[in-house]
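The values are calculated or read from the model by the stated rules, or taken from the named source; none is laboratory data. All values reported here derive from a predicted model rather than from experimental measurement. Using ideal geometry, Cβ is built from the backbone for each residue, glycine included, and neighbour counts are taken over all protein chains shown. Ligands, DNA and RNA are stripped out before the accessible areas are found, and what is left, the full protein with its side chains, is counted by its heavy atoms. Shrake-Rupley method; radii C 1.70, N 1.55, O 1.52, S 1.80 Å.
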Amino acid sequence: MTKILTCSELYELSTHPKINTISLELLREYYATYLEPFKYEISLTGNDDGGNEISRTIDLRFDKDCFCHLVATKKIVKRSVRSNDLYKYFGSNGYDNIQNGMINFDLFKTMNRKLYDLNKSKFVFFYLIPLVMDNAKAVLFDGTKLQNSDVDCDIIFYDEINKKYIHLGVDYNEKKGYYRPVTFLVEKVTEANSGLKFIENQNPLLVGQIHKVSAIGSVVGK
(Lines give C-alpha, C1' and ligand atoms only; values in the text may rest on other atoms or scores of the structure.)
Protein backbone atom coordinates (compact mmCIF):
# COMPACT_ATOMS: atom_id res chain seq x y z
CA MET A 1 0.00 0.00 0.00
CA THR A 2 1.58 3.26 -1.15
CA LYS A 3 2.09 5.87 1.54
CA ILE A 4 0.92 9.42 0.93
CA LEU A 5 4.01 11.48 1.59
CA THR A 6 3.05 15.07 0.83
CA CYS A 7 0.21 17.46 1.59
CA SER A 8 -0.36 18.14 -2.10
CA GLU A 9 -0.85 14.40 -2.75
CA LEU A 10 -3.44 14.31 0.01
CA TYR A 11 -5.21 17.45 -1.20
CA GLU A 12 -5.49 16.17 -4.75
CA LEU A 13 -7.03 12.78 -3.89
CA SER A 14 -10.23 11.91 -5.72
CA THR A 15 -11.24 9.38 -3.06
CA HIS A 16 -10.45 9.14 0.63
CA PRO A 17 -7.16 7.60 1.72
CA LYS A 18 -6.76 4.34 3.57
CA ILE A 19 -5.75 4.81 7.19
CA ASN A 20 -2.49 2.93 6.61
CA THR A 21 -1.42 5.39 3.90
CA ILE A 22 -1.47 8.49 6.11
CA SER A 23 0.08 9.60 9.39
CA LEU A 24 -0.92 11.99 12.15
CA GLU A 25 2.07 14.14 11.26
CA LEU A 26 0.87 14.35 7.66
CA LEU A 27 -2.50 15.61 8.90
CA ARG A 28 -0.78 18.19 11.10
CA GLU A 29 1.33 19.35 8.16
CA TYR A 30 -1.81 19.46 6.00
CA TYR A 31 -3.52 21.66 8.60
CA ALA A 32 -0.42 23.89 8.75
CA THR A 33 -0.40 24.21 4.96
CA TYR A 34 -4.05 24.55 3.94
CA LEU A 35 -5.83 25.93 7.01
CA GLU A 36 -3.61 27.50 9.65
CA PRO A 37 -2.12 30.30 7.50
CA PHE A 38 -5.53 31.68 6.49
CA LYS A 39 -8.67 33.20 7.88
CA TYR A 40 -12.10 32.94 6.34
CA GLU A 41 -14.41 35.95 6.19
CA ILE A 42 -17.90 34.49 5.71
CA SER A 43 -21.19 36.35 5.38
CA LEU A 44 -24.21 34.57 6.86
CA THR A 45 -27.93 35.36 6.93
CA GLY A 46 -30.90 33.52 8.38
CA ASN A 47 -33.26 33.41 11.36
CA ASP A 48 -33.05 32.03 14.87
CA ASP A 49 -35.74 29.96 16.61
CA GLY A 50 -37.55 33.14 17.61
CA GLY A 51 -37.75 34.35 14.03
CA ASN A 52 -35.18 37.05 14.64
CA GLU A 53 -33.13 37.90 11.59
CA ILE A 54 -29.44 37.02 11.62
CA SER A 55 -27.01 38.87 9.41
CA ARG A 56 -23.34 38.75 10.18
CA THR A 57 -19.91 38.35 8.68
CA ILE A 58 -17.74 36.09 10.77
CA ASP A 59 -13.98 35.87 10.98
CA LEU A 60 -12.92 32.19 11.22
CA ARG A 61 -9.31 31.26 11.98
CA PHE A 62 -7.61 27.90 12.28
CA ASP A 63 -5.22 28.49 15.16
CA LYS A 64 -2.40 26.10 15.92
CA ASP A 65 -3.91 25.02 19.23
CA CYS A 66 -7.20 23.91 17.59
CA PHE A 67 -5.73 21.03 15.60
CA CYS A 68 -5.50 18.39 18.34
CA HIS A 69 -9.12 18.94 19.34
CA LEU A 70 -10.31 18.34 15.78
CA VAL A 71 -8.55 14.95 15.63
CA ALA A 72 -9.56 13.99 19.20
CA THR A 73 -6.01 13.58 20.53
CA LYS A 74 -6.83 14.33 24.16
CA LYS A 75 -10.01 12.24 24.07
CA ILE A 76 -8.13 9.17 22.87
CA VAL A 77 -5.32 9.28 25.43
CA LYS A 78 -6.90 10.83 28.52
CA ARG A 79 -7.66 7.51 30.25
CA SER A 80 -4.14 6.24 29.65
CA VAL A 81 -1.96 9.09 30.91
CA ARG A 82 -1.60 10.85 34.22
CA SER A 83 -3.68 14.00 34.57
CA ASN A 84 -0.46 15.98 35.12
CA ASP A 85 0.76 14.85 31.70
CA LEU A 86 -2.39 15.53 29.67
CA TYR A 87 -1.13 18.97 28.67
CA LYS A 88 1.33 17.24 26.34
CA TYR A 89 -1.51 15.88 24.20
CA PHE A 90 -3.63 18.90 23.33
CA GLY A 91 -3.35 22.54 22.33
CA SER A 92 -0.04 23.89 21.11
CA ASN A 93 1.89 21.30 23.14
CA GLY A 94 0.08 18.45 21.42
CA TYR A 95 0.65 20.04 18.03
CA ASP A 96 4.39 20.29 18.73
CA ASN A 97 4.56 16.73 20.04
CA ILE A 98 2.89 15.40 16.90
CA GLN A 99 5.45 17.31 14.86
CA ASN A 100 8.38 15.91 16.83
CA GLY A 101 7.03 12.33 16.59
CA MET A 102 6.02 11.78 20.22
CA ILE A 103 2.32 11.45 19.33
CA ASN A 104 1.30 9.24 16.43
CA PHE A 105 -1.24 6.61 15.41
CA ASP A 106 0.82 3.79 16.93
CA LEU A 107 0.66 5.56 20.29
CA PHE A 108 -3.13 5.89 19.95
CA LYS A 109 -3.43 2.16 19.21
CA THR A 110 -1.40 1.32 22.30
CA MET A 111 -3.21 3.70 24.64
CA ASN A 112 -6.80 3.16 23.53
CA ARG A 113 -7.37 1.02 20.46
CA LYS A 114 -11.17 1.28 20.76
CA LEU A 115 -11.21 5.08 20.63
CA TYR A 116 -8.58 5.10 17.90
CA ASP A 117 -10.85 2.89 15.79
CA LEU A 118 -13.91 5.03 16.57
CA ASN A 119 -12.06 8.13 15.37
CA LYS A 120 -10.62 6.70 12.15
CA SER A 121 -13.21 8.59 10.09
CA LYS A 122 -11.81 11.87 11.46
CA PHE A 123 -8.36 10.90 10.24
CA VAL A 124 -9.23 9.63 6.77
CA PHE A 125 -11.65 12.46 5.96
CA PHE A 126 -9.72 15.29 7.60
CA TYR A 127 -8.30 16.30 4.22
CA LEU A 128 -11.78 17.40 3.11
CA ILE A 129 -12.04 20.32 5.54
CA PRO A 130 -10.48 22.92 3.16
CA LEU A 131 -12.76 21.68 0.36
CA VAL A 132 -15.84 21.98 2.57
CA MET A 133 -14.89 25.52 3.58
CA ASP A 134 -14.60 26.60 -0.05
CA ASN A 135 -18.24 25.61 -0.74
CA ALA A 136 -19.78 25.45 2.71
CA LYS A 137 -23.42 25.28 3.70
CA ALA A 138 -24.28 26.22 7.28
CA VAL A 139 -26.73 25.87 10.14
CA LEU A 140 -27.14 27.79 13.38
CA PHE A 141 -26.52 24.90 15.75
CA ASP A 142 -28.42 24.14 18.95
CA GLY A 143 -27.12 21.03 20.67
CA THR A 144 -30.20 20.75 22.91
CA LYS A 145 -32.16 19.60 19.84
CA LEU A 146 -30.13 16.38 19.77
CA GLN A 147 -30.33 13.45 22.14
CA ASN A 148 -27.18 11.83 23.50
CA SER A 149 -24.82 14.36 21.98
CA ASP A 150 -22.18 16.53 23.62
CA VAL A 151 -21.54 18.64 20.52
CA ASP A 152 -21.38 22.28 21.57
CA CYS A 153 -20.82 25.00 18.98
CA ASP A 154 -22.48 28.08 17.51
CA ILE A 155 -22.39 27.27 13.78
CA ILE A 156 -21.83 24.11 11.77
CA PHE A 157 -20.42 24.36 8.27
CA TYR A 158 -20.94 21.26 6.17
CA ASP A 159 -21.04 19.70 2.75
CA GLU A 160 -21.94 16.29 1.35
CA ILE A 161 -19.06 14.65 -0.46
CA ASN A 162 -19.20 11.11 -1.81
CA LYS A 163 -22.13 10.08 0.40
CA LYS A 164 -20.61 11.53 3.53
CA TYR A 165 -21.59 14.64 5.41
CA ILE A 166 -18.48 16.46 6.56
CA HIS A 167 -19.11 18.96 9.37
CA LEU A 168 -16.96 21.62 10.97
CA GLY A 169 -18.38 23.15 14.14
CA VAL A 170 -17.14 26.62 15.07
CA ASP A 171 -17.59 28.85 18.09
CA TYR A 172 -16.85 32.48 18.90
CA ASN A 173 -13.86 32.91 21.19
CA GLU A 174 -14.39 35.96 23.37
CA LYS A 175 -10.72 36.29 24.28
CA LYS A 176 -9.49 36.06 20.69
CA GLY A 177 -12.32 38.09 19.17
CA TYR A 178 -12.99 35.68 16.30
CA TYR A 179 -14.44 32.24 15.52
CA ARG A 180 -12.37 29.06 15.84
CA PRO A 181 -13.03 25.41 14.92
CA VAL A 182 -14.10 23.33 17.90
CA THR A 183 -15.40 20.06 16.43
CA PHE A 184 -15.06 17.92 13.33
CA LEU A 185 -17.77 15.36 12.55
CA VAL A 186 -18.31 12.78 9.82
CA GLU A 187 -21.67 11.14 9.10
CA LYS A 188 -21.81 8.44 6.43
CA VAL A 189 -24.95 8.17 4.31
CA THR A 190 -26.27 4.61 4.30
CA GLU A 191 -29.62 2.87 3.93
CA ALA A 192 -30.02 3.12 7.69
CA ASN A 193 -28.57 6.61 8.14
CA SER A 194 -29.55 9.80 6.31
CA GLY A 195 -26.37 11.52 7.50
CA LEU A 196 -28.44 14.53 8.58
CA LYS A 197 -28.12 14.07 12.35
CA PHE A 198 -26.35 17.39 12.94
CA ILE A 199 -28.24 19.34 10.27
CA GLU A 200 -31.94 18.48 10.32
CA ASN A 201 -34.08 20.49 12.73
CA GLN A 202 -31.40 23.17 12.90
CA ASN A 203 -31.94 26.67 11.52
CA PRO A 204 -30.29 26.99 8.10
CA LEU A 205 -27.97 29.89 7.37
CA LEU A 206 -27.46 31.21 3.87
CA VAL A 207 -23.76 31.41 3.13
CA GLY A 208 -22.92 34.44 1.02
CA GLN A 209 -19.40 35.42 0.11
CA ILE A 210 -16.50 33.37 1.45
CA HIS A 211 -13.21 35.24 1.36
CA LYS A 212 -10.12 33.21 2.18
CA VAL A 213 -7.56 35.74 3.32
CA SER A 214 -3.87 35.19 3.91
CA ALA A 215 -2.08 36.29 7.04
CA ILE A 216 -0.90 39.44 5.27
CA GLY A 217 -4.43 40.27 4.20
CA SER A 218 -4.54 39.44 0.49
CA VAL A 219 -7.53 37.48 -0.81
CA VAL A 220 -6.31 34.11 -2.05
CA GLY A 221 -9.59 32.48 -3.00
CA LYS A 222 -13.37 32.54 -2.79
Given labels modelled 7 Å from the Cα in the Cβ direction, how far is it in nm from SER80 to LEU146? 2.5 nm
Dipole size in debye (nearest 20) for region 1-125 around its Cα centre, Lys and Arg Cβ +1, Asp and Glu Cβ -1? 820 debye
In Å, what Kirkwood hydrodynamic radius results for the chain from the alpha-carbon pair distances? 18.3 Å
Roughly how much of LEU118 is accessible, in Å² to the nearest 10, using a 1.4 Å probe? 120 Å²
Per DSSP, loop trypsin sites (Lys or Arg not before Pro) in region 30-103 with at most 11 further Cβ within 10 Å: ARG79, ARG82
Within 12 Å, Cβ to Cβ, of ILE22, how many net charges do the neighbouring residues add up to if Lys/Arg are +1 and Asp/Glu are -1? +2
Please state, as a whole number in µm²/s, the translational diffusion coefficient that the Stokes-Einstein equation yields for region 1-113 at 25 °C and 0.890 mPa s, with Rh defined as the Kirkwood radius across alpha carbon pairs. 151 µm²/s
By its C-alpha gyration tensor, with a ≥ b ≥ c as the square roots of the eigenvalues, how is region 89-138 shaped: rounded for a/c under 1.5, else prolate for a/b larger than b/c, else oblate? oblate
Would you mind classifying region 112-169 by shape? Square roots of the alpha carbon gyration tensor eigenvalues, ordered a ≥ b ≥ c; an a/c under 1.5 is rounded, otherwise it is prolate if a/b is larger than b/c and oblate if not. oblate
Computed label-point distance, nm, for sites ASN100 and GLN209 using a 7 Å Cα→Cβ extension: 4.4 nm
Using θ = phi - 60° and the Karplus relation 6.51 cos²θ - 1.76 cosθ + 1.60, list the HN-Hα couplings for region 78-86 in order, rounded to whole Hz, with x at every Gly or Pro. 4, 8, 10, 10, 5, 4, 5, 9, 4
Relative to the present Cα-Cα distance, how much length would full extension add between ASN47 and THR33 at 0.36 nm per residue of separation? 1.6 nm
Which of rounded, prolate, oblate describes region 75-204, given a ≥ b ≥ c as roots of the alpha-carbon gyration tensor eigenvalues and a/c under 1.5 marking rounded, otherwise prolate only if a/b is larger than b/c? prolate
Helix-only estimate, please: 222 nm mean residue ellipticity of the chain, summing -39500 (n - 2.57) across DSSP H runs of length 4 or more and dividing by its residues, to the nearest 500. -7000 deg cm²/dmol
Residue with peak Gaussian network fluctuation, the chain [Cα springs, cutoff 10 Å], from ASN148, ASN20, ASN104: ASN148
Above-threshold pairs, the threshold being 31 Å between Cα atoms, out of LYS88/LYS163; LYS109/LYS212; LYS39/LYS75; LYS3/LYS75; LYS3/LYS164: LYS88/LYS163; LYS109/LYS212
Quick check on my link table: of LYS64/LYS145; LYS120/LYS175; LYS18/LYS74, which ones sit more than 26 Å apart, alpha carbon to alpha carbon? LYS64/LYS145; LYS120/LYS175
Using +1 on the beta carbon of Lys and Arg, -1 on that of Asp and Glu, and nothing else charged, what's the dipole of the chain about the Cα centre, debye to 20? 820 debye
Would you work out what percent of the accessible area of the chain, with all protein chains in place, is carbon or sulfur (probe 1.4 Å)? 46 percent
